[in-house]
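I have placed the structure first, in the form of structure tokens, so that the comments after it can refer back to it.
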Amino acid sequence: MFLAALGGGRANNRAAPRVGSASPGLPGAAAVDPWAEQRRRDRADIERFLAGDTDGFEQLMNRYRQPAYGIALGLTGNHDDAMDAVQKSFLRVHRSLGRFRLEEPFFPWLYRIVRNTALNQRRDEKRHQGDIPLEFVERPDDAPDALAAAEANDLRERLGHALAELPEEMRSVFLMYHFQGRKYREIAEAMGIPLGTVMSRLHAARQRLRPALGLEEAP
Amino acid sequence: MSGRPFDPVQDAPLLSAYVDGELEGEDRARVEAHLAASAEARREVERLRAFNRATAGLRLREAPPEDWEAFWASAYNRSERSLGWVLLVVGVAVVGAWGLWQAGSAIVAAELPLPVKLALAAGAAGVTVLLFSVLRERLFTRKRTRYDDIVR
């Protein structure tokens, strides 16, 4: 449901709202914060949980479970490790939510927990790491053109394998922008890095991934 | 990055931001001025747009619904078992330390030949080491080997 709100792929992501704090040179400086409703719901669920209502916690986590899984899968490259990392992360959130500062957005806090847990998981486990973290917004198998479907599958696999070769910092920025509908400002906030770093990491990731997409490499 | 001429190398990330609609103000004007003057920059923008089109039909994979059905039950189990293991380890450590102390005192006090005393002390130390080794393996090592041979 959260992914639906964000938009699934980049095509859908164009409808994703932008964080509205002002910054020279970048759009999204509107007075209204389009993520306000999301944050209001997060805060309401956290307050319910802190008041003793466990449904608040489950609703909050159910809203974020697929984005958390996507982040974890992108980092571990393995479905089982990703599920394990999400579960451990949610248990950590459960233990630490009392210390969460309600005036802060929830997603960046969750992102850091999931990221650290997933990286520890990848370090501790020695499992196969070749699971492709991407899927089609619309399944190409349903397409009438079998050749086009095969090519699309091939592209997905090539991109998935190329992603696994990217440095973690670049891969996280790339996945959050292209496949989670996050805007530059949100990625910067979640990862705790300057906006210019988001820009340069995303650009560098695209340069490195071009050959996998069969696009002309930058001179 | 504003107020100076466009540097094709250093400012290249601005082209990505421009294509993504993440640029405005002076930076956007600077990029547009550069695009008007540079055919290579225009080609690069087209390449970036082609990249975005190629990835538009993809999204991050989602876990299947059946995996989420068991998620909370196993999460609560994991939480309870973690607490159980912590309590067990604390209990075993306290009882073990007490037992070791008692055994040591009894061995020292007993009227036994020195080699027998040393053998008993070695046995007690061995049991302690083995016990902690098993606990350590259960807590930290076992999980590493569960799916080592499984290739998905």
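Nothing in this text is a laboratory measurement; each read-out follows from the coordinates by a stated rule. Values in this document were obtained by computation on a predicted structure and should not be read as measured data. Positions of Cβ are generated from backbone atoms using ideal geometry, with glycine treated the same way; all protein chains shown enter the neighbour counts.
Quick rundown of the values:
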{"item": "Modelled FRET efficiency - R0 51 Å, B:Leu83 with B:Val9, Cβ distances, 0.05 increments", "result": "0.40"}
{"item": "Cβ neighbours within 10 Å from other chains - mean over B:44-57", "result": "6"}
{"item": "Other-chain or far-sequence residues with amide H under 5 Å of B:Leu58's (modelled H)", "result": "A:Arg10, A:Val137"}
{"item": "Three principal axis lengths of the stretch A:145-185 [C-alpha, angstrom, descending]", "result": "39, 22, 8"}
{"item": "Binned Cα-Cα distance frequencies in the stretch A:35-131 - 5 Å width, integer %", "result": "2, 15, 25, 22, 16, 10, 7, 3, 0"}
{"item": "Shielding score for A:189-195, defined as the mean number of other chain Cβ atoms within 10 Å", "result": "0"}
{"item": "Quarter of Cα convex hull surface for the stretch B:12-55, i.e. mean projection, nm²", "result": "2.8 nm²"}
{"item": "Evaluated over chain B, the Cα radius of gyration and Dmax, each in Å", "result": "33.6, 100"}
{"item": "Within 10 Å of each Cβ in A:198-207, the average number of Cβ atoms from other chains", "result": "6"}
{"item": "Nearest-ten-degree value, helix B:39-55 long axis tilted from longest Cα axis of chain B", "result": "50 degrees"}
